[in-house]
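In what follows, a structure is listed as structure tokens, so that the remarks can point back to it.
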Amino acid sequence: MKSSFTLVANDYARGAAILFSYLQLALFLIFAACLGSARIGLQLRNARSWDAIVKRLLVRLDLDPKSADTAAKMDERFTNDAIGQRAGTVGGRRMLFHAAGAMMEMADYAERNGGGAARPAAENLRDHAMAIRTMTVKDFVRPSTRRREK
């Protein structure tokens, strides 16, 4: 015959096991939902056209993609002085981070659809975009070091 303490202890252990299985199920469902969301996002990203990618970049830069002087305006916006001034502000760093993301997407598109001829240019673009993103993340994480260097 089992004592009442043993019966109560067994009930607690069984309850904990049931609770643990519910927790496992909940974590599995959350993980599966995150993986499904990431896969859908990747499929949508791969389905974008070149025009949509360029438009995403130009909207970030407040430029009209239909304008004839877009290239001249981009040359004005991407001088070393202009980039330096923009990188000095939080909003400018955020804009540079998102523009670098669009540049990486452009490199992926060119590599996917351009064949072997586009590979060197795509790798160069991706390297520059990663450098921009790394710089902006470092500035976000350590904003005080940027002020001390000046």
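Suppose we keep only residues that are outside any helix (DSSP H, G or I) and hydroxyl-bearing (S, T, Y) within the range 1-52. Which one would you say is modelled with the lowest pLDDT? Spell out how you get there, then give the answer.
Start the filter on the range 1-52 by keeping residues that are outside any helix (DSSP H, G or I), which leaves 1-3, 48-49.
Pick out the ones that are also hydroxyl-bearing (S, T, Y) and you get 3, 49.
Numbers: S3: 58, S49: 85.
Once the filter is applied, the top-ranked residue is S3.
List the pairs whose first member sits in the range 47-61 and is within 14 Å of A100 (Cα to Cα), whose second member is at pLDDT below 75 and in a helix (DSSP H, G or I), and whose Cβ atoms are under 9 Å apart, counting only residues at least 6 apart or on separate chains?
Listed by first residue and then by second, the contacts come to L58/T70; L58/M74; L61/K73; L61/M74; L61/R77.
Tell me which residues, restricted to the range 109-122, are farther than 13 Å from V54 by Cα and surrounded by 13 or more Cβ atoms within 10 Å (Cβ to Cβ). Can you show your working first?
So the first thing to find is which residues in the range 109-122 are farther than 13 Å from V54 by Cα, and the list is 111-122.
Listed by number, the residues that qualify are E111, G114, A118, R119, A121, A122.
Going residue by residue through the range 63-72, is there one that turns out to be surrounded by 10 or more Cβ atoms within 10 Å (Cβ to Cβ), at pLDDT below 65, part of a loop (DSSP other than H, G, I, E, B) and out of contact with any helix residue (DSSP H, G or I) (no Cβ under 9 Å at 6 or more places or on another chain)?
Scanning the range 63-72, I find at least one residue that is surrounded by 10 or more Cβ atoms within 10 Å (Cβ to Cβ), at pLDDT below 65, part of a loop (DSSP other than H, G, I, E, B) and out of contact with any helix residue (DSSP H, G or I) (no Cβ under 9 Å at 6 or more places or on another chain), so the answer is yes.
The values are calculated or read from the model by the stated rules, or taken from the named source; none is laboratory data. Owing to the predicted nature of the structure, the values given are computational and were not obtained by experimental measurement. Cβ coordinates were reconstructed from backbone atoms using ideal geometry, including for glycine residues, and neighbour counts include every protein chain displayed.
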